[in-house]
Amino acid sequence: VSTLQSFLAKDPSIYPEGLVTAYFGPATERAVGRWQLQKGVVASAADTGYGSAGPRTRAALLAACQ
């Protein structure tokens, strides 16, 4: 979770709180959702998986880091 938070914190529009706490709480969930929308992993906040770091999101994150 800390690595995910550090990655998301690089973009203040995605994760304005920028907290690296190792706790996947509401702020991290919102940041993951924003990132998913920006990268096209989900189409809307109503989509299944929005805000969750599931398999599709993890694959997209890995691709973004390479």
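The values are calculated or read from the model by the stated rules, or taken from the named source; none is laboratory data. Note that this is a predicted model, so its numbers are computed, not measured. Cβ atoms come from the backbone with ideal geometry, glycine included; neighbour counts cover every protein chain shown. Each accessible area value is taken on the protein alone, full model and side chains, heavy atoms only, with ligands, DNA and RNA left out. Shrake-Rupley method; radii C 1.70, N 1.55, O 1.52, S 1.80 Å.
Tell me, which residue of region 1-23 that is hydrophobic (A, V, I, L, M, F, W, C) and surrounded by fewer than 16 Cβ atoms within 10 Å (Cβ to Cβ) is nearest to Ala60 (Cα to Cα)? Going through the qualifying residues, I end up with Val1. Residues in region 30-64 that are open to solvent by 90 Å² or more (accessible area, probe 1.4 Å) and either in contact with a helix residue (DSSP H, G or I) (Cβ under 7 Å, 6 or more places away or on another chain) or acidic (Asp, Glu) (or both): Lys39 only. Among the residues of region 19-39, just one is more than 12 Å from the chain's Cα centre (by Cα) and of a type in the set (Gly, Ala, Ser), namely Ala22.
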